[in-house]
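The values are calculated or read from the model by the stated rules, or taken from the named source; none is laboratory data. Remember, it's a predicted structure, so these values are computed and weren't measured experimentally. Counting neighbours? That spans all protein chains shown, and the Cβs are built from the backbone with ideal geometry, glycine included. Surface accessibility is based on the protein's heavy atoms, side chains included, excluding ligands, DNA and RNA. Shrake-Rupley method; radii C 1.70, N 1.55, O 1.52, S 1.80 Å.
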Amino acid sequence: MENKETAMRPTYHPRLINGPFEDPGLFVPFQFQRRAFLFDLGDLSPLSPRDLLKVSHVFVTHTHMDHFIGFDRLLRLFLGRRKTLNLFGPKGFLGHVEGKLSGYSWDLVENYENPLVLNATEITDTGSATAVFACRNGFVPKDHRTEPFSERLLQEPALAVSATLFDHSIPCLGFSMQERFHVNIKKDAVDAMGLQIGPWLKEFKEALFASKDPAALFSIPTGDGFRRVRLENLAERIAMIAPGQKIAYITDIECSASNEAKAVLLAKDADHLFIEAPFLKSEKATAIQKHHLTAQQAGRIAGNARVKQFTLFHFSPRYTGRARDFENEARRAYENARRTE
């Protein structure tokens with residue numbers, strides 16, 4: 001018999017945008033929703049316009065070219081559409097966004113029927129600063145506001161995204177995405193109640209995430225009106241609730257003890273960690289010089305963080321054809337770290 005844990009279908013299905021030797025970037029679509037998150041803006045060409053148009057939030061580790069060159073493609077696709085895009089990045093990010101936008105002439109955008117708005121937030125060790133770049137204003141930054149530092153970048157009823165500041169010769173952000181809890185619907189139970197699968201299930205899940213009164217009556221549309229059921233009774237009958245899914249994304253951090261400790265804390269108990277590994281341990285000196293991790297260090301971080309699964313990426317092109325070496329080195333370090341707990 002399938003147990004409850006294995007029966008759970010994840011809400012998010014993260015996937016690397018490119019191969020391990022190509023630009024970094026993670027695409028996270030939301031199941032049954034026209035919504036997605038992006039982590040980093042490298043080469044976005046593998047993603048279809050349909051995928052990219054789902055994006056509501058972009059989390060940029062830093063603005064080296066291989067992590068930010070995709071900004072232009074996203075901007076071009078979103079122009080002329082009624083969209084609000086939220087972007088987050090490290091120190092200097094607002095200036096880099098403004099610089100990208102100021103590289104174009106915007107004399108015709110006031111005629112666009114659908115406005116595009118970019119909300120950009122810069123994270124530093126002292127606080128955050130946000131500016132609004134509106135298409136109809138020629139993307140001149142407006143409405144600047146500042147807030148005290150907080151690792152929590154986004155807080156919604158169902159999920160949160162947090163950031164940690166790392167060193168990479170320049171400030172660099174790492175991210176974790178945590179679902180509060182996971183709700184799976186038991187279709188057989190819905191059928192047994194004489195109900196139809198439909199949009200009301202999304203509203204039902206939102207009521208759970210919003211911590212609505214369990215004794216409140218929840219209205220379910222039927223063919224001839226509505227059926228009202230106590231929220232707690234409905235949850236007991238049709239829902240399987242389990243701990244939420246956690247995803248972590250770490251790239252371009254130098255191999256220091258401080259960075260490693262912060263990476264372990266950020267990725268702690270993640271279901272899936274995506275972590276860079278540009279070099280093998282035999283070239284640790286080069287990794288130190290270039291402010292990156294080795295595969296051994298990436299595996300050790302994954303093991304010490306007790307992640308359930310990890311994926312390596314951002315391999316140096318000098319190792320083309322040797323991807324298996326990275327996997328083997330990281331796996332040994334992961335298993336050693338787990339054995340020494």
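Things worth noting here:
- For region 49-58, backbone phi angles converted through the Karplus equation (6.51, -1.76, 1.60; θ = phi - 60°) give residue-by-residue couplings of x, 4, 5, 5, 5, 7, 5, 10, 9, 10 Hz, Gly and Pro being listed as x.
- GNM flexibility winner over the chain from 42, 194, 138 (Cα, springs under 10 Å): 194
- Residue 200 accessible area, assembled protein chains, probe 1.4 Å, Å²: 10
- Expressed in units of 2.2 N^0.38 Å, where N is the residue count, the Cα radius of gyration of region 39-92 is 1.08.
- Residue 72 accessible area, 1.4 Å probe, all protein chains in place, Å² to nearest 10: 50
- Over region 160-312, the pair-distance histogram of Cα-Cα distances with 5 Å bins from zero comes to 2, 9, 16, 15, 11, 8, 7, 8, 8, 7, 5, 3, 1, 0, 0 percent, rounded to whole numbers.
- Taking the square roots of five times each eigenvalue of the Cα gyration tensor of region 210-263, the equivalent ellipsoid has semi-axes of 46, 12, 9 Å, listed largest first.
- Rg/Rh ratio calculated on Cα atoms of region 93-198 (Kirkwood radius): 1.18
- Number of Lys pairs (Cα under 16 Å; 8 or more positions apart or on different chains) in region 156-296: 7
- Highest mean first, the peptides 19-30, 45-56 sorted by other C-beta atoms within 10 Å per residue fall in the order 19-30, 45-56.
- A dipole drawn for region 145-256 from +1 and -1 charges on Cβ atoms has a positive end, and of 233, 204, 153 the residue lying farthest that way is 233.
- Here region 118-195 exposes an accessible surface that is 49 percent carbon and sulfur, computed with a 1.4 Å probe and the other protein chains kept in place.
- Per residue, the chain exposes 49 Å² of accessible surface when a 1.4 Å probe is rolled over the protein heavy atoms with every protein chain present.
- Protein heavy-atom surface of region 200-314, 1.4 angstrom probe: 51% of the accessible area is carbon and sulfur, with nucleic acids and ligands not counted.
- Across region 44-178, Cα pairs under 8 Å and at least six residues apart give a relative contact order of 20 percent.
- Using alpha carbons only, the radius of gyration of the chain set against its Kirkwood radius gives Rg/Rh = 1.01.
- Principal axis dimensions, largest first and in whole angstrom, of region 241-341 by Cα: 46, 29, 24
- A P(r) calculated from all alpha carbon pairs of region 60-128, with 10 Å bins opening at zero, reads 18, 51, 26, 5, 0 percent.
- DSSP beta bridges in the chain [antiparallel fraction, %, rounded to 5]: 65
- The listed peptides 300-311, 154-165, 271-282, ordered by packing as a protection proxy, come out as 271-282, 300-311, 154-165 (highest mean of other Cβ atoms within 10 Å first).
- Once you reduce region 18-58 and region 73-92 to the center of their Cα atoms, the two points are 13 Å from each other.
- Note on region 1-134: Rg/Rh from C-alpha atoms, Kirkwood Rh, equals 1.03.
- Value at 222 nm in deg cm²/dmol, rounded to 500, when DSSP H runs of n ≥ 4 in the chain each add -39,500 (n - 2.57): -8000 deg cm²/dmol
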